[in-house]
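Presented below is the structure to which this report refers.
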Amino acid sequence: MIKKLIHTACLTLFVQLISLGQGYQLAVLKYSGGGDYYANPTALPNLISFCNENLGTTINKEVPYVEVGSSDLFQYPFIHMTGHGNVVFSSSESTNLRTYLLGGGFLHIDDNYGMNEFIRVELKKVFPSNELVELPFNHELFHQKYDFNGLPKIHEHDGKRPQAFGIIIDGRLVCLYTYETDLSDGWENREVHNDSENKRIQALKMGANILMHAFMQ
């Protein structure tokens, strides 16, 4: 009963934040294990600017880091996570993240190359009974303001096809894991990776779709 009340309260908060259309923030997840959670520092601010200019959102451009186990997690309707290496969630952190996601929060994980073998294990701590499932090209995530046939390929790495995986609870996508695409690299300042303007726009448009879907599903 207590958990149910917490979930309801969190969901109400998120709905209020989004309906106000102003003053809410996105955050980057800070985690343990040695992985560089702080990678791509210009990525989310640039995505926010793109969305404010092209979607009419008024998201706060300040992007804080928030720890997995912190109660501060519940202040942000959308959490972004990235990095290149190891990720470790403690039992209490897994519980906190699960409560956040079941309560209406959304987690986007973008593998910056090297996270895959670690993040899959840690997500099983968060949702032991739920698997990551690949989202088909006709999923509404790919058909918000911008139409895509799956994820755009921003960086090659191992030359594998880009894939979008999700954890879906009661019909709602609560966690999106983007793999072999490097979306957040494409959101960074142009001089960081020297990506073409076309690649950067593709990445930003797909990011905008992700935010739209997270807030409107």
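Values quoted throughout were computed directly from the atomic coordinates according to the rules given, and no laboratory measurement underlies them. The structure displayed is predicted, hence computed values, not measured ones. Every residue, glycine among them, receives a Cβ derived from its backbone with ideal geometry; neighbour counts consider all protein chains shown.
Legend: helices of the chain (whole DSSP H runs) are marked when their alpha-carbon atoms reach 15 angstrom or more along the helix axis and their mean Kyte-Doolittle hydropathy is at least 1.0; marked are 2-20.
Computed about its Cα centre, the charge dipole of the chain is approximately 600 debye, with only Lys, Arg, Asp and Glu carrying charge at their Cβ. Taking region 2-205 as the region of interest, the number of lysine pairs whose Cα atoms are within less than 21 Å, with members eight or more places apart or on different chains, is 13.
A simple packing score, the average count of other Cβ atoms within 10 Å per residue, orders the peptides 199-211, 84-96, 155-167 as 199-211, 84-96, 155-167, with the highest score first. Each DSSP beta bridge with both residues in the chain is either parallel or antiparallel, and the antiparallel ones are about 40%. Restriction of the trypsin sites (Lys or Arg not before Pro) in region 41-137 to DSSP coil positions whose beta-carbon has at most 14 other beta-carbons within 10 angstrom yields LYS61.
Per-residue extension of 0.36 nm, minus the Cα-Cα distance of ARG161 and THR95, leaves a gain of 20.5 nm for this segment. Remark: ASP111, ASP195, ASP182, ASP147 ranked as ASP147, ASP195, ASP111, ASP182, counting other beta-carbon atoms within 10 Å and listing the fewest first.
With a simple spin-label model that places each label point 7 Å from the Cα along the Cα-to-Cβ direction, the separation between PHE137 and LYS125 comes to 3.7 nm.
Cα centroids of region 40-105 and region 177-202: 19 Å apart. With all pairs of different C-alpha atoms in the average, the Kirkwood value for the hydrodynamic radius of region 114-165 is 13.0 Å.
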